Each structure stands twice: as C-alpha cells, then as structure tokens.
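Below is one structure, written out as structure tokens; comments come after it.
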Amino acid sequence: RDGCYIQERMAEHSIAAAVDRTQQAIAAAYARGGRRGDKVRLLAATKTVTPQRIREAWVAGIRLFGENRVQERLAKEPELADLAAEWHLLGPLQSNKAARALQAFDVIETVASLDLAARLARLARAPVQVMLEINLAQEPQKHGLAPGEAEDVVRALAALPQLRLIGLMAVPPAAADPEASRPHFAALRAMSERLRAILPGSPERWELSMVMSHDFAVAVEEGATLMRLGTALFGSRPANP
C-alpha cells in the first residue's frame, strides 16, 4: 500500500531535474562557504523509495545511496543488484543485525558505541568503512555518541584493524529555520578536524555527513561532504511510512 501511495505522490516529480537543481544549489553554497579543493557528493536517502525510483536516481548520476533499515535494503537488493553504487546504512544498527548489515552496506554511518564497533570488527571478513554518529545536542530521543565520548571511541577504533573510520555523521535538532542548524554544523566540523588529527596517519577518505533536505545549503557552507538527501530528490513521502 505504501509503495503505491509513494508512486502516486511522486509520479510528476522529475528526479533528474531535482538532481540538477540540487547540484546547482550545492555549488552556490560551496562558493559562499569559501571552500576549496574538497568534494561534496549527493547521497540519496531511499527510505520508502521504490527500486524503480532509485534506478531513476542512478540514471540521473547518483552513485551513493542510503537506507535506514537493513531489512529494507535487503528487500530491494534483487532489483538493484546490477547498479554500480555505494550503499550506506543511515539508521541505528542493532547488534543482532550486524552480520546482515555487513553484507548489505559498503559504509555504516551509525556506529555509536564501542560494543557495536567491536562486534562489527569480529564479524568483518574484510576491512569495513564506518562513521561515528554524534548526538550533537545530546537529545535523549536520538541515537549517537555524546560529543565528549567521541575522542575515546576514536582512539579505541584505531586499534581495530578491521574497521576503517572515515568520518562523522550527525542529525541536528529539528528546526524550521535552517540557520538554527548552523552552530551544530560548525561544532561538528571542528570536532571532525580534531578527531581526524588524532588518528594514526592521515585517512585517505574523510567524510562529514550532517545534513537533511531542508538545511543542506547551510551544511555545505559549514563543511559537509555528503549530502544525505531524500525529499529534495524524491519529493514528499508518507507522514508515517
């Protein structure tokens, strides 16, 4: 039922046009932020999005995709197995689903405890890319590490050779005004720079994923490298999928 509803709501929504508009807005925000040299890439958040629409996004040039749930990613995989794409887990990961997550995703963005990191390291048959999820405002209803815990966790992860820490992910407190997110984005960027510096060597890949569809321009100005967008690309979704 949800799939039919989504298709009806999105029938007139051109993903290719949305990608083009979004890329232009990103370029403008990149210039306003005075950024040089680094890259900003679109990651299509595909929760509740049908495989057909995901394929349209791939045709439009998107190569990074993210799902919130392991089971939804696995359910769509048979119809998308031929796409050359990188898949990210964007939702909380329960320890009992860690093995399946390793099969389904190239990057796990939501590592928020040493216990989960250690379990992933034990189960991984090859090095796995992970990101730390930070609960910027320490909101009790949200998943993620408190900012003060992050340094100890980063040092511990450096001792797990099966894991490759490639950056930080966060969801700022909900706010109607995108400018309200700016202090949180700036704080995460500063934290990111500090944590990257304590890792042995210099990670070849380092990401900052801290954006939703309504505030992505501000996030780009403040240093985001992954644009984690759903509504901006696919249109509105059911209120309670």
Roughly what would the spin-label model give for Glu77 and Ala17, points 7 Å off Cα along C-beta, in nm?
3.6 nm
Spatial separation of Cα centroids for region 123-185 and region 195-241, in angstrom:
12 Å
For Glu139 and Arg155 in the same chain, what is the full-extension length gain: residue separation times 0.36 nm, less their Cα-Cα distance, in nm?
3.3 nm
Heavy atoms only, probe 1.4 Å: what % of the accessible area of region 45-137 goes to carbon and sulfur, would you let me know?
48 percent
Along the charge dipole of region 144-196, which of Leu145, Pro161, Ala174 sits closest to the positive end, that is, farthest toward it, with unit charges on the beta carbon of Lys, Arg, Asp and Glu (+1, +1, -1, -1)?
Pro161
Ignoring everything except DSSP H segments at least 4 long, calculate the 222 nm mean residue ellipticity for the chain; use -39,500 (n - 2.57) per segment, divide by total residues, nearest 500.
-12000 deg cm²/dmol
Can you list the residues, at least 5 places off or on another chain, whose amide H is less than 5 Å from the amide H of Thr110, using H built in the peptide plane?
Met131
Solvent-accessible area of Trp206, probe 1.4 Å, all protein chains present, reported in Å² to the nearest ten, please.
40 Å²
Simple label model, 7 Å out from Cα along Cβ direction - Gln103 to Ala25, nm
3.7 nm
Counting just the Cα atoms, what span does region 123-171 cover along each of its three principal axes? Round to the nearest Å and put the largest first.
34, 17, 17
Work out, step by step, the length gained on full extension between Glu179 and Asp38: first 0.36 nm times the residue separation, then minus their alpha carbon distance; give nm to one decimal.
48.5 nm
Measure of exposure for Ile26: accessible area at 1.4 Å probe, Å² rounded to 10, is 10 Å²
Compute the accessible area per residue over region 133-223, keeping the other protein chains in place, probe 1.4 Å, unit Å².
46 Å²
Tell me, what ³J(HN,Hα) does each residue in region 59-75 have, in order and in whole Hz, if you take phi through Karplus 6.51 cos²θ - 1.76 cosθ + 1.60 with θ = phi - 60° and put x for Gly and Pro?
4, 6, x, 6, 10, 10, 9, x, 10, 7, 10, 4, 5, 5, 4, 5, 5
Calculated from backbone phi, Karplus (6.51, -1.76, 1.60) coupling profile of region 132-146 in Hz, x at Gly/Pro
8, 8, 10, 8, 3, 9, 6, 6, x, 7, 10, 7, x, 6, 5
For region 64-161, which semi-axes, largest first and in whole Å, follow from the square roots of 5 times the eigenvalues of its Cα gyration tensor?
24, 16, 11
With +1 on each Lys and Arg Cβ and -1 on each Asp and Glu Cβ, and nothing else charged, work out how big the dipole of the chain is about its Cα centre, in Debye to the nearest 20.
360 debye
Rounded to the nearest 0.05, what FRET efficiency is calculated for Val59 and Arg205 with R0 set to 45 Å and r the Cβ-Cβ distance?
0.95
List, in order, the whole-Hz ³J(HN,Hα) value for each residue of region 101-111 obtained from phi through the Karplus relation with A = 6.51, B = -1.76, C = 1.60 and θ = phi - 60°; use x for Gly and Pro.
5, 5, 6, 9, 10, 8, 9, 10, 7, 10, 6
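The values are calculated or read from the model by the stated rules, or taken from the named source; none is laboratory data. Predicted, not measured: the structure shown is a model, and the values here were computed from it. FYI the Cβ positions are ideal-geometry reconstructions off the backbone, even for glycines, and counts take in every protein chain you see. These area figures cover heavy atoms from the full protein model, side chains too; ligands, DNA and RNA do not enter into them. Shrake-Rupley method; radii C 1.70, N 1.55, O 1.52, S 1.80 Å.
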